[in-house]
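Data block below; observations after.
Here, each number is a calculation from the coordinates, and none is a lab measurement. Computed from a prediction, not measured in an experiment: that's the story for all the values here. FYI the Cβ positions are ideal-geometry reconstructions off the backbone, even for glycines, and counts take in every protein chain you see.
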Amino acid sequence: MNMKPAALVFALLATPLSGAFACDVPVAPPTPDGGSATMEDMVASQGEIKAFQAANADYLTCVDDQMTAEKAAMDEGDSDADERYALAAADYNAAVSREEQVAADFNAAIKAFKAANP
């Protein structure tokens with residue numbers, strides 16, 4: 001194998017970076033049944049949702065860093081970076097949508113809880 005030294009250095013440096021962007025997708029907590037949940041259930045669920053939101057913020061930061069790196073790679077002429085950037089952007093958008101859905105579901109559970117416990 002006859003590689004130019006610069007290409008070899010780049011290949012060796014780029015390999016560990018791919019693992020650096022292994023962003024962990026947080027798992028959304030289950031939504032309580034507001035109609036039958038106790039106050040303790042609702043408070044516990046609220047804590048789980050806050051933890052999910054914090055984990056999701058970390059995930060979004062990780063994906064944003066990945067998108068920044070892919071944008072730089074595109075600017076440097078990496079022809080595969082466009083696809084990786086698009087995948088990262090789709091992951092980012094999905095995470096935002098997932099967080100919005102978790103919040104909407106919990107708000108609906110709160111309404112049901114309040115209706116069941118006037």
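Data for the structure
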item	result
Net charge over other residues, Cβ less than 13 angstrom from the Cβ of residue 29 (K, R count +1; D, E count -1)	-2
Label-to-label distance, nm, for residues given as residue 83 and residue 57 (7 Å Cα→Cβ offset)	3.5
C-alpha center-to-center spacing [the range 32-58, the range 67-102] in angstrom	29
Residue-by-residue Karplus 3J(HN,Hα) for the range 54-62, coefficients 6.51, -1.76, 1.60, Hz, glycine and proline x	5, 5, 5, 4, 4, 4, 4, 5, 4
Binned Cα-Cα distance frequencies in the range 40-85 - 5 Å width, integer %	5, 22, 15, 12, 10, 9, 8, 6, 6, 3, 1, 0
q = 0.19, 0.20, 0.26 Å⁻¹, the range 50-112: log10 I(q)/I(0) [Debye, one scatterer per Cα]	-0.71, -0.76, -1.00
